[in-house]
Amino acid sequence: MYVVTGAGPVGYTVAEQLAHQGHQVRVLTRSGSGPEHPLVERLRADVSDPSQLDEALKGATAVFHCIHGSAYRASVWAAELPQAEQLVMNAAAAAGAVVVFPESLYSYSEPDRLMTESSPREATSGKRGIRTQLLKTREAHAANTVSVVAGDFFGPRVKMAHAGERMVPLVLTGKPIQAIGSADRPHSFTYVPDLAAAMIAAALKPELWDTVLHAPTGSPMTQREVAAAYAGAAGVATPKVSAVPGWVLRVAGIFSTDMRELAELLYQFERPFVMDSSESQLLLGLEPTPLAEAAAATVAWWSGAARQAS
């Protein structure tokens, strides 16, 4: 039996893929959400409660911890994430289960270079420093863990992302897109179903436990190229794509906490920001989904969401 904490884009997709593979899955959320499938048990649970967590993890062989902070702020992450991960790892260690985490590129301390599995992850301060510390804590814990690193998300159910609600609905309605930083710098985007597949494969390979892997990720794309891929999949004209200069967001950050938190990571879009997943692909036996297929699935999901909302 497998346990998934959280039913956001990653948790939902992990649970869905596990069920389609014939595995029994237990999804833990406060709302009781998750995929509707005969093999998916959706439980209302507060994973910050050790007693509930211990009970929910009994009999689990792997835990996919897919809960993120309640807000995109360093202060919130610092207050919520370390404690949540500690509780999950404690319960998993007691149950004899491996914990698989989705991870970001934030901790990489030399982001101007091609980021590989062996690149240094020593970034400090803000959200970047928190991700660094989380990785170090996982490494030191008694539980077996695997961290699977991904670039910026795209795919079905991915809403709050640069290649999500800030782009796809605008492509579908022919409205102009305002990218941040630069529309023409190469950037790594990871298709969420590929991340989910990598997390599941890692859980099934004990020889890969207690490592950091990279999710299968295709060639880097500019934000303009992502918009063009969506437009091609939708059969519409590519909309105009411009960029909001970094200095505008930095000035806005003086007055807005949200803008300040966003500006902290502008370096990812002002310069090339590229990861390589070739080593992990060999270890996992996986390849990234072709862009045309991934873009088509993403557009189809957004088109369906728009019809449901109307």
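The values are calculated or read from the model by the stated rules, or taken from the named source; none is laboratory data. Predicted model, so just to flag it, every value in this text is computed and none were measured. Positions of Cβ are generated from backbone atoms using ideal geometry, with glycine treated the same way; all protein chains shown enter the neighbour counts. The area values use the complete protein model at the heavy-atom level, side chains included, leaving out ligands, DNA and RNA. Shrake-Rupley method; radii C 1.70, N 1.55, O 1.52, S 1.80 Å.
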Requested in this report: Look at Tyr191 and say whether it is under 20 Å from the mean Cα position of the chain (by Cα) and under 18 Å from Val10 (Cα atoms).
Outcome: yes
Report summary line: Only one of (1) under 18 Å from Val99 (Cα atoms); (2) modelled with pLDDT under 95; (3) open to solvent by 40 Å² or more (accessible area, probe 1.4 Å) does not apply to Tyr12, and that is (2)
**Report entry** Tyr12 of a type in the set (Phe, Trp, Tyr) and within 14 Å of the chain's Cα centre (by Cα)
**Finding:** yes
Query raised in the report: From the list Asp112, Asp54, which residue is under 25 Å from Met275 (Cβ atoms) and over 18 Å from the mean Cα position of the chain (by Cα)?
Result: Asp112
